[in-house]
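Q: Mind having a look at this structure? Questions to follow.
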Amino acid sequence: MSGIFGAYSKTGKPVLEEVYLGLYALQHRGQECAGIAWSEDGRIAAAKGMGLLHNAIEQQCLTQKNAPCAIGHVRYTPLPGSQQHNVLPIGANYARGAVAVSHDGLITNLKELTVQLENQGAIFQSSTDSEAILHLMAHKSHMQPLDALIDSLRKVKGSYAVIVLLNGVLVAARDPWGFKPLVIGKKDEDHYVASESCALDIVGAKLLRDVEPGEIVVIDDRGMRSLKIHHECFRGMRCSFEYVYTARPDSIIDGRSVYEARKEMGRLLAEQAPCPEAEITAGMPDSGTIAAVGYAERSGIQLEMGVVRNRYVGRTFIQPTQKVRDLGVKIKLNPISEVFDNKKAVIIDDSIVRGTTAERVVSMIRDSGASEVHLRIASPPVLHPCRYGIDTRKEETLAAVRMTVPELCKKIGADSLEYLSEENLIAAIGLPEDQICTACFTGKYLDENDLKAGA
Ligand code: SF4
């Protein structure tokens, strides 16, 4: 999972600091490493490093550069990919000029492409998906760079939102199914592309629209133009997990406010899984909080901000090891005893992946004095791994795979446990059912024919 951001200034204004700020707003999408790339004297230059953005890149050094076009990346990399040479964007100076690529998603035919490219002489420097796109382009040096990029994207299967710096031009593309979000913004004469609209807000840009699934948007001094990667139509597979957990609530994805979608998940959860015995509703910060507002509103059970989150600890879900993840839960959340003392509570969380967090949270709330702890989850059970770029790990590690709902309820120590149904999840997101991916909940992956349609 990654956050990507690009900027192009028609008036030649330096944009590196804006890219840095855009990445700041996207830090929740990746905390392992960060990078920014731009053109300097016709060649790719970059600032990159490991860790959170402010550790990875020295902001001050960006103010001395005059680049009017740049792209940036924050990345979550499951171990062992977490290494300096895998920090993105990846750049190269090939026969047709300077190119740098940032990619969010998962290229499902990467192995196949890598073997093919290595047989043709390519030497890979990293294990990133983005490098395959670079090599595919380099092998089409008889084509114009933009045509080579389109040709490369036609060969790629799986999920991608990519931002490419191509000889000083900004290019953004989204896979034909629209798995990964990508939006375009504008401020005066300057254009921006970003994983989420919250990153446009930070630079004062107005959200223009989403990059459409299967679209390539080219931004240069002539303005913005739109091209298609494929001529065929594809069904939509917009990631429903973005609305459940991944995206920030102040983002708008494919025209739907993440805040509104989460609140509606809470309202529908209250109808579907009521808890009349509860005296208070509390949400698990951060992504369960908004669903809790909806649950309290629809159920009439008083909302309390009963669990406090330490803002300086990252999301447990995206910590790389189990040991760190376990510690993360403990130091991240703290229930307020005065809220829970001798109260029956219904707790709203966004999802249960491995179950470790839920178990610790229920136990902490009991220790805070709650007489009953009922857990309501604002999404269906996660039963399948994601094949499209969200790290939900192997199927056997998923709590809902290892246990039935009553077994899981017992394991985590709750008095009751219920989940939002798939129908209500789709209704809350508000996009047509055939435009949404719910595969990690339902196992309804794209089938081989769908994937081949993109080849
Ligand atoms: S499988 Fe789940 S996490 Fe992956 S793209 Fe589909 S909805 Fe999103």
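The values are calculated or read from the model by the stated rules, or taken from the named source; none is laboratory data. This structure is a prediction, so every number in the text was calculated from the model and none was measured. Glycine also receives a Cβ, built like all others from the backbone with ideal geometry; neighbour counts cover every protein chain displayed. Side chains included, ligands, DNA and RNA excluded: accessible areas come from the protein's heavy atoms. Shrake-Rupley method; radii C 1.70, N 1.55, O 1.52, S 1.80 Å.
Q: Within region 110-121, can one find any residue that is assigned to a strand (DSSP E or B), open to solvent by less than 70 Å² (accessible area, probe 1.4 Å) and closer than 19 Å to ILE4 by Cβ? Give the derivation first.
A: Start the filter on region 110-121 by keeping residues that are assigned to a strand (DSSP E or B), which leaves none.
No.
Q: Does LEU451 fit the bill of being modelled with pLDDT of 90 or more, in contact with a Ser or Thr (Cβ under 9 Å, 6 or more places away or on another chain) and away from the ligand (no atom under 13 Å from the Cβ)?
A: On the way: modelled with pLDDT of 90 or more: no; in contact with a Ser or Thr (Cβ under 9 Å, 6 or more places away or on another chain): yes; away from the ligand (no atom under 13 Å from the Cβ): yes.
In short, no.
Q: Exactly one of (1) acidic (Asp, Glu); (2) closer than 30 Å to LYS180 by Cα; (3) modelled with pLDDT under 95 is unmet by ASP350. Its number?
A: Going through (1) acidic (Asp, Glu); (2) closer than 30 Å to LYS180 by Cα; (3) modelled with pLDDT under 95 one by one, ASP350 breaks only (3).
Q: Working carefully through the options SER141, SER127, SER102, find the one that is of a type in the set (S, T, N, Q), under 22 Å from GLN83 (Cβ atoms), in contact (Cβ under 8 Å) with a residue 40 or more places away in the chain and open to solvent by 10 Å² or more (accessible area, probe 1.4 Å).
A: On the way: SER141 fails: under 22 Å from GLN83 (Cβ atoms); SER102 fails: open to solvent by 10 Å² or more (accessible area, probe 1.4 Å).
Being of a type in the set (S, T, N, Q), under 22 Å from GLN83 (Cβ atoms), in contact (Cβ under 8 Å) with a residue 40 or more places away in the chain and open to solvent by 10 Å² or more (accessible area, probe 1.4 Å) holds for just one of SER141, SER127, SER102, which is SER127.
Q: Let me ask you something else. Out of curiosity, is ASP151 out of contact with any helix residue (DSSP H, G or I) (no Cβ under 6 Å at 6 or more places or on another chain), open to solvent by 10 Å² or more (accessible area, probe 1.4 Å) and free of Cβ contacts under 8 Å to residues at least 60 places away in the same chain? If you could, list the steps in order and put the result at the bottom.
A: Values: out of contact with any helix residue (DSSP H, G or I) (no Cβ under 6 Å at 6 or more places or on another chain): yes; open to solvent by 10 Å² or more (accessible area, probe 1.4 Å): yes; free of Cβ contacts under 8 Å to residues at least 60 places away in the same chain: yes.
It is true that ASP151 is out of contact with any helix residue (DSSP H, G or I) (no Cβ under 6 Å at 6 or more places or on another chain), open to solvent by 10 Å² or more (accessible area, probe 1.4 Å) and free of Cβ contacts under 8 Å to residues at least 60 places away in the same chain.
Q: Hey, another quick one. Determine whether region 312-334 contains at least one residue that is open to solvent by 50 Å² or more (accessible area, probe 1.4 Å), modelled with pLDDT of 90 or more, part of a loop (DSSP other than H, G, I, E, B) and closer than 27 Å to ALA247 by Cα.
A: There is no residue in region 312-334 that is open to solvent by 50 Å² or more (accessible area, probe 1.4 Å), modelled with pLDDT of 90 or more, part of a loop (DSSP other than H, G, I, E, B) and closer than 27 Å to ALA247 by Cα.
Q: Same structure, new question: Restricting to region 247-263, name every residue that is part of a helix (DSSP H, G or I) and either modelled with pLDDT under 95 or more than 15 Å from LYS180 (Cβ to Cβ) (or both).
A: Result: TYR259, GLU260, ALA261, ARG262, LYS263.
Q: Would you kindly identify the strands (runs of 3 or more DSSP E) lying entirely within region 132-237 that contain at least 2 residues that are away from the ligand (no atom under 16 Å from the Cβ) and acidic (Asp, Glu)?
A: Values: elements: 158-166, 169-174, 183-187, 190-194, 206-210, 215-220, 223-228.
Ranges flagged: 215-220.
Matching residues to (1) touching a helix residue (DSSP H, G or I) at 6+ places or on another chain (Cβ under 6 Å); (2) under 18 Å from ALA34 (Cα atoms); (3) surrounded by 23 or more Cβ atoms within 10 Å (Cβ to Cβ):
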{"residue": "ALA70", "(1), (2), (3)": "yes, yes, yes"}
{"residue": "LEU88", "(1), (2), (3)": "yes, yes, yes"}
{"residue": "ARG96", "(1), (2), (3)": "yes, no, no"}
{"residue": "THR108", "(1), (2), (3)": "no, no, no"}
{"residue": "GLU131", "(1), (2), (3)": "no, yes, yes"}
{"residue": "VAL169", "(1), (2), (3)": "no, no, no"}
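Okay, residues lined up against (1) of a type outside the set (Val, Ile, Thr); (2) at pLDDT 95 or above; (3) more than 16 Å from the ligand (Cβ to nearest atom); (4) open to solvent by 30 Å² or more (accessible area, probe 1.4 Å):
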{"site": "VAL346", "(1), (2), (3), (4)": "no, yes, yes, no"}
{"site": "VAL361", "(1), (2), (3), (4)": "no, no, yes, no"}
{"site": "ILE377", "(1), (2), (3), (4)": "no, yes, no, no"}
{"site": "GLY389", "(1), (2), (3), (4)": "yes, no, no, no"}
{"site": "THR392", "(1), (2), (3), (4)": "no, no, no, no"}
{"site": "GLU395", "(1), (2), (3), (4)": "yes, no, no, yes"}
{"site": "VAL401", "(1), (2), (3), (4)": "no, no, no, yes"}
{"site": "LYS410", "(1), (2), (3), (4)": "yes, yes, yes, yes"}
{"site": "GLU418", "(1), (2), (3), (4)": "yes, yes, yes, yes"}
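Q: Within region 280-309, which residues are open to solvent by 60 Å² or more (accessible area, probe 1.4 Å) and either part of a loop (DSSP other than H, G, I, E, B) or in contact (Cβ under 8 Å) with a residue 40 or more places away in the chain (or both)?
A: Correct list: ASP286, GLY300, GLN302, MET305.
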